[in-house]
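**Student:** Below you'll find the structure I mean.
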Amino acid sequence: MTRVVKFGTVLDQLPPDVTMYEVGPRDGLQNESRMVPTDDKVKLIDALSETGLRAIEITSFVNPKWIPQLADGSEVAQRIVRKPGIVYSALVPNEKGAVGAVDAGVDEIHTVVSASESHNLANVNMTIAESLVKLGAVAEVARRAGVPVVSGISCSFGCPFEGDVPLAHLESVVARLVDLGARGIGLADTTGMANPAQVGRVLARLVPRFPGVEWTLHTHDTRAMAIPNILAAMEYGVTHFDASIGGLGGCPFAPGASGNVCTEDLIHCLHAMGVETGVDLDALIETSKRVQEIVGRGLPGQLVKAGKWDRRYPLPDGVRERIPARA
Ligand code: COA
Ligand code: ZN
């Protein structure tokens, strides 16, 4: 099959600035087998707050029997130092979670439902229809408290149990969430199944149909396609991206899931292309090193190992003298 490739479209139209949403304290730490002490979580979030990030998902309010790693969500929310201008959010699946999040004073509620019935049952023990009823109650709690809602949709680009997720089906879930008053929609590639062409196809259909929605792409780098997918999404005007420091993360209820796109690796790529994020990359790299100590293991992020693109090495002996003079 012959394909006509139009060169220069994506990279000619990069936005001047994008918003990075740090989800490591939630999507990352929920998946660590070792329990991270509350003190370390608070220190991590406080360190992230000093890097110039504009938004941080700090925890979730879910059944602690399902995710014991984040059972201290209220305490974390109360103890962190809130830096003015930063949006601190939490993930909730139902009304009980929404009440917990509002009581803890979060700035934004993130809801979760899957585009796949199997994954939704595995993740939140409900059918999609049941989840949407619960998210109606969440919307009501949020509306009364004046807290905006951003609704994430897991497995938007495919499901590790079911495979393909029909676009018409995804669209119907988006429509219900928008009806419930979601200010933003997060399309989540929970297990790294999306490819850039697919991301383009999905956004080409959804973006014009839901004007006024703020779109976020939530990626996992399971198959090394996260950054290409993000570039594809930028072509369709998406400027909000979830990422996790060091590439922490994964979904405990999706087999094969691994970490989110690594925040510092993504920011490094964006800055190198002239796309600003407001983040101090050096401060973020230092924080990422501390995260490895906190979780007690190396993380997938590449930048911490390789250094930034402008890192230079000393020449081997005898080479300098042999470099021909430039004409
Ligand atoms: N926060 C804390 N506790 C909660 C809760 C919440 N948001 N929602 C329910 N519970 C408690 C109930 O109070 C009840 O407690 P009890 O056993 O002491 O009476 C218990 O959980 C069971 O309630 P039920 O409504 O039957 O929930 P469930 O067991 O069917 O689980 C969810 C449903 C959604 C609460 C659960 O599947 C869950 O928390 N999933 C989160 C998964 C997740 O975070 N995945 C990763 C992020 S994508
Ligand atoms: Zn995720």
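**Student:** Which of the trypsin sites (Lys or Arg not before Pro) found in the range 236-298 are in a DSSP loop and have at most 15 neighbouring Cβ atoms, other than their own, within 10 Å?
**Tutor:** Those that pass, being in a loop and sparsely packed, are R297.
**Student:** Apply the Karplus curve 6.51 cos²θ - 1.76 cosθ + 1.60, θ = phi - 60°, to the phi angles in the range 81-95 and return the couplings in whole Hz, x for Gly and Pro.
**Tutor:** These are the phi-based 3J(HN,Hα) values: 8, 7, 8, x, x, 8, 8, 9, 10, 9, 8, 9, x, 7, 4 Hz.
**Student:** Mind listing the phi-derived Karplus ³J(HN,Hα) values for the range 213-224, rounded to whole Hz, using 6.51, -1.76 and 1.60 with θ = phi - 60°, and x for any glycine or proline?
**Tutor:** Karplus values, whole Hz, x for Gly and Pro: 7, 8, 8, 10, 9, 10, 10, 10, 9, 3, 10, 6.
**Student:** Enumerate the calculated ³J(HN,Hα) couplings along the range 206-211 in order (Karplus 6.51 cos²θ - 1.76 cosθ + 1.60, θ = phi - 60°), each rounded to whole Hz, writing x wherever the residue is Gly or Pro.
**Tutor:** 7, 4, x, 7, 10, x
**Student:** Here is a follow-up. Would you calculate, for the chain, the mean residue ellipticity at 222 nm contributed by helices, counting each DSSP H stretch of 4 or more residues as -39,500 (n - 2.57) and dividing by all residues, to the nearest 500?
**Tutor:** On the way: 11 runs with 120 residues, N = 327.
Dividing the helical sum by the residues of the chain leaves -11000 deg cm²/dmol.
**Student:** Highest mean first, how do 115-124, 55-64, 169-178 rank when packing is the count of other Cβ atoms within 10 Å averaged over residues?
**Tutor:** Working: 115-124: 22.1, 55-64: 23.6, 169-178: 18.0.
Ranked from most to least packed, the peptides come out as 55-64, 115-124, 169-178.
**Student:** Using the per-residue mean of other Cβ atoms lying within 10 Å as a proxy for protection, in what order, highest first, do the peptides 126-132, 206-212 fall?
**Tutor:** Working: 126-132: 17.3, 206-212: 11.7.
Sorting 126-132, 206-212 by mean packing, highest first, produces 126-132, 206-212.
**Student:** Over 28 Å between Cα atoms, which of K65/K289; K65/K305; K83/K289; K43/K308; K83/K134; K96/K289 qualify?
**Tutor:** K65/K289; K65/K305; K83/K134; K96/K289, as the Cα separations exceed 28 Å there.
**Student:** Return, in residue-number order, each cysteine of the chain whose C-beta is not under 4.7 Å from any other cysteine's C-beta.
**Tutor:** When partners are defined as cysteine Cβ atoms under 4.7 Å apart, the chain leaves C251, C262, C269 without one.
**Student:** Also, quick follow-up: Between E321 and Q78, with labels modelled 7 Å along Cα→Cβ, what's the label distance in nm to one decimal, could you check?
**Tutor:** Here the modelled spin labels are 7.1 nm apart.
**Student:** I would also like to ask the following. Would you work out if the range 65-171 is rounded, prolate or oblate? Take a ≥ b ≥ c from the square roots of the eigenvalues of the alpha-carbon gyration tensor; rounded if a/c is under 1.5, else prolate when a/b is larger than b/c, oblate otherwise. Show your work: numbers first, answer last.
**Tutor:** Working: a/c = 2.02, a/b = 1.81, b/c = 1.12.
Because a/c hits 1.5 or more and a/b exceeds b/c, the range 65-171 counts as prolate.
**Student:** Nearest 0.05, what FRET efficiency do Y313 and D46 give at R0 = 25 Å with Cβ-Cβ as r?
**Tutor:** My answer for the efficiency is 0.15.
**Student:** Per q in 0.11 1/Å, what log10 I(q)/I(0) does a Debye calculation on the alpha-carbon atoms of the range 1-133 return?
**Tutor:** Here the Debye-derived log intensity ratios amount to -0.49.
**Student:** With each label point set 7 Å from Cα along the Cα-Cβ vector, what nm distance links S118 and T38?
**Tutor:** Modelled inter-label distance: 3.9 nm.
**Student:** Amide H neighbours of A55 under 5 Å, at least 5 residues apart or on other chains, H built in the peptide plane: list them.
**Tutor:** Distant-sequence amide H within range of A55: E22, V87.
**Student:** Relative to the compact-globule scaling 2.2 N^0.38 Å, provide the ratio for the alpha-carbon radius of gyration of the range 168-214.
**Tutor:** Dividing the Cα radius of gyration by 2.2 N^0.38 Å gives 1.15.
**Student:** Under 5 Å between amide H atoms, partner at least 5 residues away or on a different chain: which partners does L91 have, H built in plane at 1.01 Å?
**Tutor:** Residues meeting the amide H criterion: T59, S60, F61, H110.
**Student:** If I take every Cα pair under 8 Å that is 6 or more residues apart in the range 80-238, average their sequence separation and divide by the length, what percent do I get for the relative contact order? Numbers along the way, then the final one.
**Tutor:** On the way: 272 pairs, mean separation 30.1, N = 159.
Once normalised by length, the contact order is 19 percent.
**Student:** Would you grab the residues whose amide H sits under 5 Å from the one on V165? Only those 5+ places off in sequence or on another chain, please, with H modelled 1.01 Å from N.
**Tutor:** Under 5 Å from the amide H of V165: G158, C159.
**Student:** Let me ask something additional. Could you grab the relative contact order for the range 185-327? Cα pairs under 8 Å, six or more apart, rounded to a whole percent. Don't skip to the end; give the middle numbers.
**Tutor:** Working: 195 pairs, mean separation 29.6, N = 143.
Worked out over the range 185-327, it gives 21 percent.
**Student:** Here's a follow-up. Note the angle between two axes, namely the Cα long axis of helix 167-179 and the longest principal axis of the Cα atoms of the chain, as a number of degrees from 0 to 90, rounded to the nearest 10.
**Tutor:** Helix 167-179 sits roughly 60 degrees off the main axis of the chain.
**Student:** Counting alpha carbon pairs within less than 8 Å and at least 6 residues apart, what relative contact order, in whole percent, applies to the chain?
**Tutor:** 19
**Student:** Please compute P(r) over all alpha-carbon pairs of the chain, binned at 10 Å starting from zero, and give each bin as a whole-number percent.
**Tutor:** 6, 27, 35, 21, 6, 3, 2, 0
Every number here is computed from the coordinates shown, using simple stated rules; none is lab data. This structure is a prediction, so every number in the text was calculated from the model and none was measured. Note: ideal-geometry Cβ built from the backbone for every residue, glycine included; neighbour counts use all protein chains shown.
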